[in-house]
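A.B. asks: Dropping the structure in here first, questions after.
The values are calculated or read from the model by the stated rules, or taken from the named source; none is laboratory data. In this text the structure is predicted, and so the values were computed from the model without any measurement. Quick reminder, even Gly has a Cβ in these numbers, built from the backbone with ideal geometry, and neighbours come from all protein chains shown. Side chains included, ligands, DNA and RNA excluded: accessible areas come from the protein's heavy atoms. Shrake-Rupley method; radii C 1.70, N 1.55, O 1.52, S 1.80 Å.
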Amino acid sequence: AKSSGRNSYKFYTADLNARAREILAIESQLRFALERDEFVLHYQPLVDMLTGRVVGAEALIRWQHPNLGLIGPAGFIQVAEERGFIVQIGNWVIREACRQLAEWLARGLPKMTVSVNLSALQFRQQDLTAVIEDALTEYGLSGDCLDVEVTETVVMEDAEATLAAIERIKAMGLSLSIDDFGTGYSSLSYLKRFKADKLKIDRSFVRDIPGDSDDAAITRAIINMAKYLNMQVVAEGVETREQWDFLAGEGCDLVQGYLVAKPMPAAEFATRYGETPGV
Ligand code: C2E
Ligand code: CA
Ligand code: CA
Ligand code: CA
């Protein structure tokens, strides 16, 4: 047992070194990824449970790494936040999402909203409203084309400044979604002040419904609370018919998840969701 303990210790440090090297490699290359145009957005549909229609798409970033292939956000967003790159990357996401939506609309796709994920640094290190306004103007879009997703943690950090920025963003016609709802360390009282348009129930609550009675109760409570507060509810990570049926029965408004579709490249999204044929 002792020798195997030593072995696993060796493996452990080897793993750590590999991980440290990987982070270093990511850090040094992340710096250049923007100028090398290596980021790409994938889009996942948001579906209205009543009509079955796609009413929006969430833009989710990926990094097309020259030798490592397609890297998901879990592989680099945290490093980007720690090193401050997330501000420039996040600005690119806003502009690219606007560019893509304008292109879709020009090609005759039905009107929909594109949601972008915002990180706390984007509020803190710049005038985010100016960035958004420029992107909308450049691509000829109205504010209601964009939805911004922030987590409870973003909202709670530096609440006064964030609140001011969010109010200006909402005045521009954008909608606001609270992402990963229920997982942050926060007080519900912020819901009164931020007047979010949507609550996105985190996947961790959705995963085990309807079987897990605690998760079913939490999900039901979030849906009802959102209704009383006049917010729409989005269930994230819906993978099964059983989850869908439970959520429909509880009056959930919108659904996002593999049951409908995984995030996909823009071209595939356009093909699947309604380029008008023959126009
Ligand atoms: P998120 O905002 O909660 O996005 C939803 C994540 O859940 C996405 O992972 C999506 O692919 C995944 N997902 C959707 N439906 C299902 C499902 O049915 N089952 C399972 N197992 N997963 C599902 P992804 O694309 O890997 O993104 C992870 C996180 O990275 C996002 O979580 C978001 O926090 C962050 N992120 C993504 N794009 C951006 C970005 O442009 N800026 C910032 N700051 N963060 C981003
Ligand atoms: Ca999100
Ligand atoms: Ca989420
Ligand atoms: Ca998440």
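A.B. asks: Can you pull out the residues in the range 211-231 that are buried (at least 19 other Cβ atoms within 10 Å of the Cβ) and outside any helix (DSSP H, G or I)?
C.D. replies: MET231 - this is the single residue of the range 211-231 that is buried (at least 19 other Cβ atoms within 10 Å of the Cβ) and outside any helix (DSSP H, G or I).
A.B. asks: Give the residues of the range 173-205 that are more than 11 Å from ligand 1 (Cβ to nearest atom), among the hydroxyl-bearing types (Ser, Thr, Tyr) and closer than 16 Å to VAL116 by Cα, sorted by residue number.
C.D. replies: Passing the criteria: only SER175.
A.B. asks: Count, please, the residues in the range 108-139 that happen to be more than 27 Å from THR271 (Cα to Cα) and more than 16 Å from ligand 3 (Cβ to nearest atom).
C.D. replies: 14
Residue-by-condition table, conditions (1) more than 16 Å from ligand 3 (Cβ to nearest atom); (2) closer than 28 Å to ILE169 by Cβ; (3) among the β-branched types (Val, Ile, Thr):
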| position | (1), (2), (3) |
| --- | --- |
| GLY184 | no, yes, no |
| LEU188 | yes, yes, no |
| LYS195 | yes, yes, no |
| PRO210 | yes, no, no |
| SER213 | yes, no, no |
| MET225 | yes, yes, no |
| ARG241 | yes, no, no |
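A.B. asks: Of all residues in the range 188-204, which are open to solvent by 50 Å² or more (accessible area, probe 1.4 Å), more than 15 Å from ligand 4 (Cβ to nearest atom) and not acidic (Asp, Glu)? Show your work before the answer.
C.D. replies: Quick first cut of the range 188-204, residues open to solvent by 50 Å² or more (accessible area, probe 1.4 Å) only: 188-189, 192-193, 195, 197, 203.
Then keep just the ones that are more than 15 Å from ligand 4 (Cβ to nearest atom); that gives 188-189, 192-193, 195, 197.
LEU188, SER189, LYS192, ARG193, LYS195 - these are the residues of the range 188-204 that are open to solvent by 50 Å² or more (accessible area, probe 1.4 Å), more than 15 Å from ligand 4 (Cβ to nearest atom) and not acidic (Asp, Glu).
A.B. asks: May I pose another question? Could you list all residues from the range 40-49 that are touching an Asp or Glu at 6+ places or on another chain (Cβ under 8 Å), of a type in the set (A, V, I, L, M, F, W, C) and surrounded by fewer than 21 Cβ atoms within 10 Å (Cβ to Cβ)?
C.D. replies: MET49
A.B. asks: Right, next: Go through the range 82-104 and give me each residue that's in a helix (DSSP H, G or I) and of a type in the set (Lys, Arg).
C.D. replies: Just the residues of the range 82-104 that are in a helix (DSSP H, G or I), to begin with: 82, 86-104.
Scanning the range 82-104 gives ARG95, ARG99.
A.B. asks: Name the residue that is surrounded by the most Cβ atoms within 10 Å (Cβ to Cβ), counting only residues in the range 58-75 that are at pLDDT below 95 and in a loop (DSSP other than H, G, I, E, B).
C.D. replies: Among them, the one singled out is LEU68.
A.B. asks: So which residues in the range 186-201 are more than 18 Å from ALA120 (Cβ to Cβ) and assigned to a loop (DSSP other than H, G, I, E, B), if there are any at all?
C.D. replies: The answer is LEU188, SER189, LYS195, ASP197.
A.B. asks: All but one of (1) open to solvent by less than 90 Å² (accessible area, probe 1.4 Å); (2) within 14 Å of ligand 1 (Cβ to nearest atom); (3) over 30 Å from LEU247 (Cβ atoms); (4) among the polar types (S, T, N, Q) hold for GLN88; state the number of the condition that does not hold.
C.D. replies: For GLN88, the exception is condition (1).
A.B. asks: Would it be correct to say that LEU121 is open to solvent by less than 60 Å² (accessible area, probe 1.4 Å), within 13 Å of ligand 1 (Cβ to nearest atom), over 16 Å from the mean Cα position of the chain (by Cα) and of a type outside the set (Ser, Thr, Tyr)?
C.D. replies: Here the answer is no, as LEU121 does not meet what is asked.
A.B. asks: Which residue out of THR153, THR129, THR162, THR137 is out of contact with any Cys (no Cβ under 9 Å at 6 or more places or on another chain), open to solvent by 40 Å² or more (accessible area, probe 1.4 Å), assigned to a helix (DSSP H, G or I) and under 21 Å from ARG193 (Cβ atoms)?
C.D. replies: After applying the criteria, what remains is THR153.
A.B. asks: Name the pairs: first residue in the range 123-138 and within 19 Å of THR151 (Cβ to Cβ) and touching a residue at least 40 places away in the same chain (Cβ under 8 Å), second residue acidic (Asp, Glu) and loosely packed, with under 15 Cβ neighbours inside 10 Å, Cβ to Cβ under 8 Å, at least 6 apart or on different chains?
C.D. replies: Correct list of pairs: PHE123/ASP158.
Residues checked against (1) within 16 Å of ligand 2 (Cβ to nearest atom); (2) small (Gly, Ala, Ser):
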position: ARG168; (1), (2): no, no
position: SER175; (1), (2): yes, yes
position: ASP179; (1), (2): yes, no
position: TYR185; (1), (2): no, no
position: LEU188; (1), (2): no, no
position: LEU199; (1), (2): yes, no
position: ASP214; (1), (2): no, no
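A.B. asks: Next question, about the same structure. What do you reckon, is GLU239 touching a Phe, Trp or Tyr at 6+ places or on another chain (Cβ under 9 Å) and open to solvent by 40 Å² or more (accessible area, probe 1.4 Å)?
C.D. replies: It is true that GLU239 is touching a Phe, Trp or Tyr at 6+ places or on another chain (Cβ under 9 Å) and open to solvent by 40 Å² or more (accessible area, probe 1.4 Å).
A.B. asks: Looking at the range 165-185, which of its residues are within 15 Å of ligand 4 (Cβ to nearest atom) and either modelled with pLDDT under 90 or outside any strand (DSSP E or B) (or both)?
C.D. replies: GLY182, THR183, GLY184, TYR185
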